[in-house]
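Okay, structure first, notes after.
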Amino acid sequence: MGASCLYIAASICGGARPFRKRLDQSGWRSGDALKWVLFFALVIGAAVAILFTVFPDWDMAIASLFWDAQGRHFVLAGAPWAQTVRNLANWIPWAIAAPAFAAIVLKLLFPRRKMFMPARAAVLLAFTMAVGPGLLVNGILKQEWGRPRPVHVDTFGGRDAFKSWYETDGTCPGNCSFVSGEGALGFWMTAPASLVPGPAGAVAMVAAVVFASVAGGLRIAFGGHFFTDVVFSGVLVIVLVVLTRYFLYDRKGAPSDAAVELIIGRTGLKLRTLIQRVWRRVRRRPLPPPRTGL
C-alpha cells in the first residue's frame, strides 16, 4: 500500500517519467481502470439500494457482527492497531491532496509562475476532495440526513431508534451516519489512482479500492457507520471523480494542462486586481469625524 501511494504521488507530480512512455505503449490509458470501478460501483450501489430497502434490518445484522453483547461495546473500537490504521486512512488522502491545493493557491498568488505539478491533476484532486468528502458528504448529507450512527442506536447501547438508509427523519442533530465521511475519503483515492499511466494504473486502482474498503470497514466495525453508509459514500465519490476526470481528460476537446494553468493564472490576476481596487477604495474612504461632547 505504501509503495502504491509513493508511485501515485510520483505520477501526479510528473515523476516516474522513464516508465510513462513504456507504460503508455502497452495500450492502456490513464483512467481505464476507473471505468471498471464506476461500473462495479453502480452495479453494487443499485443492488444495495434495492436489497437494503426491502431488507433494511440487514444493516443492523452486519453491525451486530462487531458488537459484543456481554461487554456492551464494539470490540475493535478499542483496539490500538485499529485506531492507528484509522488515523493513517484519514491522513494519507489529505497528504496526497495537499500538494494539489498548494499548487492552485500558489498559482493564484503568483499567476506568472509555473505550477509545480500538472494543472489538470491539481484541479482533479483538489476539486473532487473539496466537493466530494468536503461539501457533499460532510457539508450537506451528514448534517441533513438525520440517520443515527450504530453506536447511538438503542440496540447497541444508545438512545435513538434505527433508521434505514433512505429515511431522513432520524433524531441525529448533525454529523450523522449517512453517508460515511471516512469512507468518502477512502474512495477519493480513486482520483489519484486514475492518474497513474498504463497497467500500473490498474494496480493503483485496486490498491485504492482496497484502501477504501479497509477505511470504510473499520468504521462499520467501530460502530461509527452502517454498511450502506460506506457503500453510498463510495458510489457518490466515484461518480464525482469520473465526471470530473471526463471533463478534464477524457472528453473530446478536453483542455490541456497549459490551458487549465492559464485559466488559473488569469483568475489569480483578476483576483489581485479586485483586491487592489477594494484596498484603494478603503484607503480613500474618509475617516469619520471625531465625536464631541459627552
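Values quoted throughout were computed directly from the atomic coordinates according to the rules given, and no laboratory measurement underlies them. Treat the numbers as computed from the prediction; the structure is a model and nothing was measured. Please note: Cβ atoms are built from the backbone with ideal geometry, for glycine as well, and neighbour counts cover all protein chains shown.
What 222 nm value per residue comes from the helices of the chain, counting each DSSP H run with n ≥ 4 as -39,500 (n - 2.57) and dividing by all residues, nearest 500 deg cm²/dmol?
Numbers: 11 runs with 172 residues, N = 294.
Using -39500 (n - 2.57) per qualifying helix, the result is -19500 deg cm²/dmol.
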Query raised in the report: So what are the range 111-174's ellipsoid semi-axes, whole angstrom, largest first, if each one is the square root of 5 times an eigenvalue of the alpha-carbon gyration tensor?
Result: 40, 10, 9
Report summary line: Computed about the Cα centre, the charge dipole of the range 30-271 from +1 Lys/Arg and -1 Asp/Glu charges at the Cβ has a magnitude in debye, to the nearest 20, of 1100
Report summary line: Candidate span helices, the chain: DSSP H, at least 24 Å along axis from Cα coords, Kyte-Doolittle average at least 0.0, result 32-54, 80-109, 200-221, 227-245
Query raised in the report: Considering the dipole of the chain built from charges on the beta carbon (Lys and Arg +1, Asp and Glu -1) around the Cα centre, which of N87, G224, L271 is farthest to its positive end?
Result: L271
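Going by the alpha-carbon gyration tensor, a ≥ b ≥ c the square roots of its eigenvalues, is the range 143-294 rounded (a/c under 1.5) or, if a/c is not under 1.5, prolate (a/b greater than b/c) versus oblate? Mind showing how you got there, number by number?
Values: a/c = 3.55, a/b = 1.29, b/c = 2.76.
Note, shape of the range 143-294 comes out oblate.
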Requested in this report: Sequence neighbours fewer than 8 away in the same chain don't count; with that in mind, list the aspartates and glutamates whose C-alpha is under 19 Å from K163.
Outcome: D57, D59, E144, D154, D229
Query - Convex hull of the chain built on C-alpha atoms - directionally averaged projected area, nm² - result: 23.1
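Given contacts defined as C-alpha pairs under 8 Å and at least six residues apart, what's the relative contact order of the chain, whole-number percent? Intermediate results must be reported in sequence, preceding the final value.
Values: 415 pairs, mean separation 82.9, N = 294.
With pairs under 8 Å counted, the relative contact order is 28 percent.
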**Report entry** For the range 66-115, diffusion coefficient by Stokes-Einstein and Kirkwood Rh (Cα), 20 °C, 1.002 mPa s, µm²/s
**Finding:** 152
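Of K107/K270; K35/K142; K107/K252, which pairs sit farther than 21 Å apart, going by alpha carbon to alpha carbon? Working shown, then result.
On the way: K107/K270 12 Å; K35/K142 27 Å; K107/K252 26 Å.
Beyond 21 Å between Cα atoms: K35/K142; K107/K252.
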